[in-house]
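Single-structure report; data block below.
Every number here is computed from the coordinates shown, using simple stated rules; none is lab data. All values reported here derive from a predicted model rather than from experimental measurement. Ideal geometry is used to build each Cβ from the backbone, glycine not excepted, and the neighbour counts take in all protein chains shown.
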Ligand code: AP5
């Protein structure tokens, strides 16, 4: 099964991508996580990507396209994958089509997570992540039991550098300019679905499962 999950920053792609991957027995390929790992590991790619990410801008297409091709053709992706954060513009969508074609693969579903802008800012500015295991919390919607500590592993919680309010505004602007056109790009495809995601995590998840089964 090959799924693309797309939507604005804070729509819930990461949260739902993890759950869906577990439910469908496929891997979750989150572009932002791959880039943040490269930054933490201080690879040459990570060092190049950091400035763009901290400013809320996109990392160059050739960098992310190369990283994705490696992942979707790896043995770990043999049962399928769910892509989160890729493609993020029409150039990347065309590159994905070409890669899939070359490896004799098809997309089963492209889902757009639709969330109103005021909620996005609230979700992003309240997000907390565990430095050790990466698990996500939210200050109001899903707070940790002990302030600053991960419920799962006791690791330290932190706020992403790009979740400051000025950077969030820039990310939403870049989304409107570059990613929103993907709606036109995919909307005529029979496997395209929109899921309203202004509601709680469990309800969004149920809607996504229905949408994916319906498209497949
Ligand atoms: P990336 O990490 O992909 O960031 P993003 O797309 O901005 O998405 P987020 O991770 O911020 O949000 P999300 O939709 O995953 O929401 P989440 O589930 O965490 O990319 C970061 C940067 O990397 C980019 O800005 C760019 O620089 C670079 N990059 C990445 N991909 C690239 C590409 N293809 N090309 C070029 N550059 C690229 O949820 C957010 C919060 O809300 C959490 O706290 C969560 O608990 C909470 N929440 C989620 N769902 C709900 C709900 N239903 N109700 C209540 N709370 C909820």
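Quick look at the values:
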{"quantity": "Binned Cα-Cα distance frequencies in the chain - 5 Å width, integer %", "calculated": "1, 7, 14, 19, 22, 19, 12, 5, 1, 0"}
{"quantity": "Overall Cα dimensions of segment 80-129 - principal axes, largest extent first, Å", "calculated": "41, 22, 17"}
{"quantity": "Segment 118-216 - convex hull of alpha carbons, volume per residue in Å³", "calculated": "129"}
{"quantity": "Extension gain from residue 78 to residue 114, taking 0.36 nm per residue of separation minus the Cα-Cα distance", "calculated": "10.0 nm"}
{"quantity": "Equivalent ellipsoid dimensions for segment 28-111 as semi-axes, Å, which come from the Cα gyration tensor, largest first", "calculated": "23, 14, 11"}
{"quantity": "Convex hull per residue volume in Å³, alpha carbons only, for segment 127-172", "calculated": "74"}
{"quantity": "Most mobile of 14, 126, 56 in a GNM of the chain (Cα contacts under 10 Å)", "calculated": "126"}
{"quantity": "Within a Gaussian network of the chain (alpha carbon springs, distance under 10 Å), most fluctuating of 25, 12, 80", "calculated": "25"}
{"quantity": "Calculated SAXS-style log₁₀ I(q)/I(0) at q = 0.12, 0.14, 0.21 Å⁻¹ - segment 91-170, Debye, Cα scatterers", "calculated": "-0.56, -0.69, -0.90"}
{"quantity": "Potential lengthening between residue 106 and residue 188 on full extension [0.36 nm per residue; Cα-Cα distance subtracted]", "calculated": "27.9 nm"}
{"quantity": "Calculated diffusion of segment 2-42, Stokes-Einstein form, Kirkwood radius summed over Cα pairs, 25 °C and 0.890 mPa s, µm²/s", "calculated": "219"}
{"quantity": "Of 35, 124, 100, the one that fluctuates the most in a GNM where the chain has Cα springs shorter than 10 Å", "calculated": "100"}
{"quantity": "Cβ-Cβ FRET estimate between residue 52 and residue 213, R0 fixed at 45 Å, reported to 0.05", "calculated": "0.80"}
{"quantity": "Paramagnetic reach from residue 165 in segment 119-133 [backbone N under 12 Å; point 7 Å along Cα→Cβ]", "calculated": "121-122, 125-126"}
